[in-house]
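Notes follow the structure.
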Number of protein chains: 2
Amino acid sequence: MTSRAPGRRVRKAPAERRSEIVATAARIGLTEGLECVTLRRVADELGVQPGLVGHYFPAADELVAEAFTHATMRELDGLLPPDSDGPLHTFRRFFGLTSSAEFDDVSKLWLNARHLSRYRPVLREHVMKQELLWCRRLEELIAAGTATGVFACADPWGAAIRVLVAIDGASAYVNTSADRRGTPAADMPRTVAESELGLRRGTLLAS
Amino acid sequence: MTSRAPGRRVRKAPAERRSEIVATAARIGLTEGLECVTLRRVADELGVQPGLVGHYFPAADELVAEAFTHATMRELDGLLPPDSDGPLHTFRRFFGLTSSAEFDDVSKLWLNARHLSRYRPVLREHVMKQELLWCRRLEELIAAGTATGVFACADPWGAAIRVLVAIDGASAYVNTSADRRGTPAADMPRTVAESELGLRRGTLLAS
DNA sequence: TGCTTTATTGGTCGCCCACTCAATAGCATT
DNA sequence: AATGCTATTGAGTGGGCGACCAATAAAGCA
């Protein structure tokens, strides 16, 4: 990919280089898994020496953690854009996206990160932050819809949690039984949401 | 732990040694994680040379996969014993166990295995088999309860899937937010089950 | 009792990893 | 055009891993 003549140096501003490294690490983590985010692998991708990546991230754990955060923040913004046209439409779009095959990499990333958190404290902190962030964004959406009377929900926070639990549960099978996309498990997140928001069955199906 | 004088050999029947290895690997996988199931680690635990474990498992992947299967089969038998005193009682016991801290290691193991399945085809096959097995056992229980009129469920298979999805979703947080055991997420598996089986709220609470 | 079988040892090899650090060269400043 | 700062190189260390294999000794059999 990004290759240069050996020995050739490209000197960049630290901030730029750093974000370049994080972005690359995030892409690797999302598509190939967080265990592939190594100093060497990222350096290869960028066409630099491993030592350089090590210079910006003296502890590799930090790089993995930032890669995860970078990737999930991007995804969240794509899934629940802050400026949206109405809670109902946003929700439909949300479930359309999360139930499609394009979301598989994101499911894999969360599964990956949640397991890896067992061994990597730094990553664990980042994962917990993102869990909270995703939940809050969902809660806000539910609260907004409830305020305008589109949804009927007495406990937006609890509803957000339960919807996310359903999504996490359904996506737990992404590495083993991803082909069963038509199974009862695939519909569960949406039906849970419809029930939590006081909507008729099928209301949140993509339009 | 299990230590012998260096050089001392204990010769066992192949079948015995093999199952000894699998049992040890399963224990390590359950308590420390499947990535700790290495030829060296298992050999140390048994007080033998790594080469011996390699002799019984020429491919390490096979050992990891068998360790997982061994551990989950044990757990399933403890959770849903074949000879039980009534579907209702069995279900109460099931949720009592799965929502306790003792179940955390099992949650971690499933999370671990599902993620690792991304890279290890042999493990993936074993995980898929166990997913099917757990679901079938749950389905049988639901079907039995429906037959005797204790439960009201039109689709035992779908109900089993949805209950397991709820459990998997709730236990996804085991490595990051395990302390939130009182959260809405913790109750979800049970309430989903009560709803699926046509039971009143709280019916499945441990007695 | 001696012989054969084979379970087990004990080492080697190559691979990939994070981490360290002195030397080097790109860039901005003067 | 010379200088100073520092981003970057390049090589090395040590550790863990799976895989491989000839030599060895324990156990069953003649």
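Read-outs: derived from the displayed coordinates by stated rules, not from any lab. Keep in mind that this is a model prediction, so the values were computed, not measured. Neighbour counts are summed over all protein chains in view; Cβ atoms, including those assigned to glycine, are modelled from backbone coordinates with ideal geometry.
About the Cα centre of chain B, how large is the charge dipole given +1 on each Lys and Arg Cβ and -1 on each Asp and Glu Cβ? Please answer in debye to the nearest 20.
So the magnitude is around 580 debye.
For the rotation bringing A onto B, which A residue has its Cβ nearest the axis, and at how many Å?
A:Gly169, 1
For the range B:1-61, just run the numbers: alpha carbon Rg, then divide by 2.2 N^0.38 Å, N being how many residues it has.
My calculation over the Cα atoms of the range B:1-61 gives 1.06.
Shortest first and in nm to one decimal, what separations exist between B:Asp85 and its copies in the other chains, measuring from label points 7 Å along the Cα-to-beta-carbon line?
Those label-point separations list as 6.2 nm.
So what's the range A:1-104 giving for Cα Rg divided by 2.2 N^0.38 Å, two decimals?
1.32
Below 8 Å between Cα atoms, with a sequence gap of 6+, how large is the relative contact order for chain A in percent?
Averaging sequence separation for qualifying contacts and normalising by length gives 19 percent for chain A.
Please report, in whole Å, how far the alpha carbons of chain A spread along each principal axis, starting with the longest.
Rounded to whole Å, the extents work out to 64, 35, 32 Å.
Determine by what factor the alpha-carbon radius of gyration of the protein assembly as shown differs from 2.2 N^0.38 Å, reporting the quotient.
Compactness ratio reported: 1.09.
Please name whichever of B:Ile28, B:Leu79, B:Gly51 sits farthest to the positive end of the charge dipole of the range B:1-88, dipole taken about the Cα centre and charges placed at Cβ: Lys and Arg +1, Asp and Glu -1.
B:Gly51
Taking B:Ala152 in one copy and the same position in all the others, each labelled 7 Å out along Cα→Cβ, what are the pairwise distances from the first, in nm, shortest first?
Distances to the matching label points in the other copies: 2.1 nm.
What's the Kirkwood radius of the range B:114-207 in Å, using all Cα pairs?
14.6
Enumerate the residues in the range B:146-165 having an amide nitrogen under 20 Å from the point lying 7 Å beyond the Cα of B:Arg136 toward its Cβ.
Flagged as within label range: B:146-147, B:155-165.
Hey, what number do you get for the protein assembly as shown at 222 nm if only DSSP H runs of n ≥ 4 count, each worth -39500 (n - 2.57), divided across all residues, to the nearest 500?
Helices in the protein assembly as shown give a 222 nm mean residue ellipticity of -21500 deg cm²/dmol.
Treating the point 7 Å from Cα along Cα-beta-carbon as the label, what are the nm separations from A:Ala206 to the other copies, to one decimal?
Result, one decimal in nm: 4.2.
So if I place +1 on the C-beta of Lys and Arg and -1 on the C-beta of Asp and Glu, and nothing else carries charge, what would the dipole magnitude of the protein assembly as shown be about its Cα centre? I want it in debye, nearest 20.
1120
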